[in-house]
1. How would ASP163, ASP22 line up from fewest to most surrounding beta-carbon atoms within 10 angstrom?
2. In whole Hz and in residue order, list the ³J(HN,Hα) couplings for the stretch 52-69 that follow from phi through the Karplus curve 6.51 cos²θ - 1.76 cosθ + 1.60, θ = phi - 60°; x for Gly and Pro.
3. For the chain, what does -39500 (n - 2.57) per DSSP helix run (n ≥ 4), summed and divided by total residues, give at 222 nm, in deg cm²/dmol to the nearest 500?
4. Could you state, as a whole-number percent, how many of the C-alpha pairs of the chain are farther apart than 24 Å?
5. Can you put PHE110, PHE35 in order of Cβ neighbours within 10 angstrom, beginning with the fewest?
6. By how many nm would the segment from SER23 to ASP59 grow when fully extended, if each residue of separation counts as 0.36 nm and the alpha-carbon distance is taken off?
7. What ranking of SER75, SER162 emerges when the number of other C-beta atoms within 10 Å of each C-beta is taken as an exposure proxy, fewest first?
8. Among the trypsin sites (Lys or Arg not before Pro) within the stretch 79-188, which fall in a DSSP loop and have no more than 11 other Cβ atoms within 10 Å of their own Cβ?
Amino acid sequence: MKTQLAVALFTSAIAMPALAVDSYAIDPYHTCPVFEIDHLGFSIQRGRFNKVTGNIQLDLAARAGAIDVTIDSASIDMGFDEWDERMRSDEFFNVEKFPTMRFKSEKLVFDGDKLVGAEGQFTLLGVTKPLTLTIGGLHCAVHPINKKPLCGANATAAIKRSDYGMVKYLPGIGDQVKLIIPVEAFKD
């Protein structure tokens, strides 16, 4: 009976919201920002970035937190080397001059107890603009394999690339860029 009570208390403690600010480091293997853009009206092309670092602060009890994520622009992956090199050039991401892009937020948005967004600033090509992420599916639990506390969610947003000075091939290649960001982060 004591063993069952201990297991029940441990399980309840894991499922309860955090009572203080918890810090989480981005898991670079399971956080891969994806983007979609219209290609000449024929198709939606997708790419992703393979190197991401950052930190997330969560205080679920207070409905507060912060996000600071940096993406290595040179880690762009369009599926083949020639196109990746073109995207790294000064025509698009200009990675020599602007090696990273960054999203920083100190305002998380909640609907009741549910995290639904983050209002912050996004910097691309040296230009910083407000950006709101829609966040869904926040789930925090102990990772089943390595037994470390982990939180994961899915974020989405849209930007106009011309707002950041990326204007090559407009309007043929779309201005609107959809961002789809699966995020996982381990508790520090």
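Taken together, the values in this text are just the output of simple stated rules run on the coordinates, not laboratory data. All figures in this text were calculated on a predicted structure; none of them were measured in a lab. Methodologically, a virtual Cβ is constructed for each residue, glycine included, from the backbone with ideal geometry; neighbour enumeration extends over all protein chains shown.
1. The fewest-first ordering by Cβ neighbours comes to ASP163, ASP22.
2. Listing the rounded values in order: 9, 10, x, 9, 10, 9, 10, 10, 5, 5, 8, 6, 8, x, 8, 9, 9, 10 Hz.
3. Numbers: 2 runs with 22 residues, N = 188.
Result for the chain, helices only: -3500 deg cm²/dmol.
4. Details: 7645 of 17578 pairs.
Of all Cα-Cα pairs in the chain, 43 percent lie more than 24 Å apart.
5. On the way: PHE110 15, PHE35 19.
By the 10 Å Cβ count, ascending: PHE110, PHE35.
6. Numbers: separation 36, 0.36 × 36 = 12.96 nm, distance 0.90 nm.
Full extension of this stretch gives 12.1 nm more.
7. Details: SER75 19, SER162 13.
The order, fewest Cβ neighbours first, is SER162, SER75.
8. Details: sites: ARG86, ARG88, LYS97, ARG102, LYS104, LYS107, LYS114, LYS147, LYS160, ARG161, LYS168, LYS178, LYS187; in loops: LYS97, LYS147, LYS168.
Those that pass, being in a loop and sparsely packed, are LYS97, LYS147.
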